[in-house]
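For reference, the structure discussed in these notes is given below.
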Amino acid sequence: MGAIFSMAGSFLTSCLGSLTGTCCAKALGVGTLKQDASRIGYLILNLYTIILALSMGSLFGSNKDLQWWFGYLPGIGECRRVDDGKVGIEACFYGGIIHRITFTYTLMHVTILLLCTCGDSLGRRANNRYFVLKFVMIPVVAFALCFAPNDMFHFLFVTLVSACIIYVLMQQVMLIDLAYSWNEAWVEIAENEYSDNETLSRVWFAAIILFSVLFLAFGCYYFYLSLTRCMWFAVVLLLQVACLVASLTEYIPHGALLPSSLMFAYSAWLSASSGLQGVVGWTLYALTTIYAMTKAAKGGTSVNGNDSSVRLSESLTNVAQPESSQNQRDPPDSETAKSLALLHLCGTLIGLYLGPAIMGVLPEWLCPTAAVTVTFLYGWTLVAPL
């Protein structure tokens, strides 16, 4: 009789375990989105990663009980034995958790990027499916990485932090494209309104001038702050003024006041900043992430119906694409693995930037270098089409 109950118990236990495993597998497999919707999903995943990193980093950095429990792990537990006067136990736990969460986010994009190189079909499946799994794997894999030594993440941080300059270049491309598109949109509206309502048309032109003046005032203030730190930024100031003046002359017909003033303000902010954080920095981060994941890797359209990235690419290559090639776009349902790979390459660069940005430990050379590169990049967009 006991054997029968034992067999029944074993059978029910195995069935319950199998049912639980099947339900978990099915739940993790849920979350298939269309290709356009998947980009919104990755934006939400990026925001989720930032919130998770900030909340868990603050929790582990201030909670003594969690530090005590995790202090027994062979990896992150090394923080309890920190003797460096520059880095305390709280800062070690805070940085260790953030490094592991942002590294997991980067690792996810790298994995999908590699799968995209195996063909269109596999790339689409990896990109569009298993969103529940992608959200779950961030904290789960980050917890598993708590067993990895801190020195490994320190080595990765020191080695890969220089890749942040590629992210900053992506941010600059976004900002230049935004500046041109913004100016074209408002000028077009003002010109269209001129025949119907001349007063409203003047309001639009006045708005363009107002924002340009605000950007110039913002830039002058930050350039004043930067000159008190280093006279090298005077060179950046002179180059930006040269671009501003040149864009208003008849020799550069595609130049405009609004894009030039925006680039002037951006380079001034970079010159005066010791990092890319703060309200301005995180606003630019949000715009860059949205641009990279919804427009740059997809080839979206601007307000005039043309590819908004064509302007910068034409300026960099000095080759104009014919109108017929601009109108021939792949339909949304035939997105290639190449564009998906570009999407996750952008996600990888964003992930490499997230950790240092959240902790505020970006390299000191990053902002001065970015101020110089955006000046030359914008100057090239002015002179190359001539």
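So how much slack lies between residue 205 and residue 280, counting 0.36 nm per residue of separation and subtracting their Cα-Cα distance, in nm?
Fully extending the segment from residue 205 to residue 280 adds 24.4 nm.
Pull out the extension gain between residue 198 and residue 163, defined as 0.36 nm times the separation in residues minus the alpha carbon to alpha carbon distance; nm, one decimal.
Difference between extended and current length: 7.6 nm.
For region 186-219 and region 366-386, compute the distance between their C-alpha centroids and round to whole Å.
Between the Cα centres of region 186-219 and region 366-386 lies a distance of 26 Å.
Dividing the convex hull volume of the Cα atoms of region 31-161 by its residue count, what figure in Å³ per residue is obtained?
It comes to 111 Å³ per residue, whole-number rounded.
Would you please put 337-345, 280-288, 89-97 in order of how densely packed they are, using the mean number of other Cβ atoms within 10 angstrom per residue and starting with the highest?
89-97, 337-345, 280-288
I'd like to know which of 68, 126, 150 lies farthest towards the positive end of the charge dipole of region 31-161, counting +1 on Cβ of Lys and Arg and -1 on Cβ of Asp and Glu.
So the residue we want is 126.
Once label points are set 7 Å from the Cα along Cα→Cβ at both residue 59 and residue 373, what is their separation, rounded to one decimal in nm?
Result: 3.5 nm between the two label points.
With charges only on Cβ, +1 for K and R and -1 for D and E, what is the dipole size of region 31-161 about its Cα centre, in debye, rounded to 20?
480 debye
Readers should treat all values here as calculations from the given coordinates under stated rules, not as data from a laboratory. Quick caveat: nothing in here was measured; it's all calculated off a predicted structure. Using ideal geometry, Cβ is built from the backbone for each residue, glycine included, and neighbour counts are taken over all protein chains shown.
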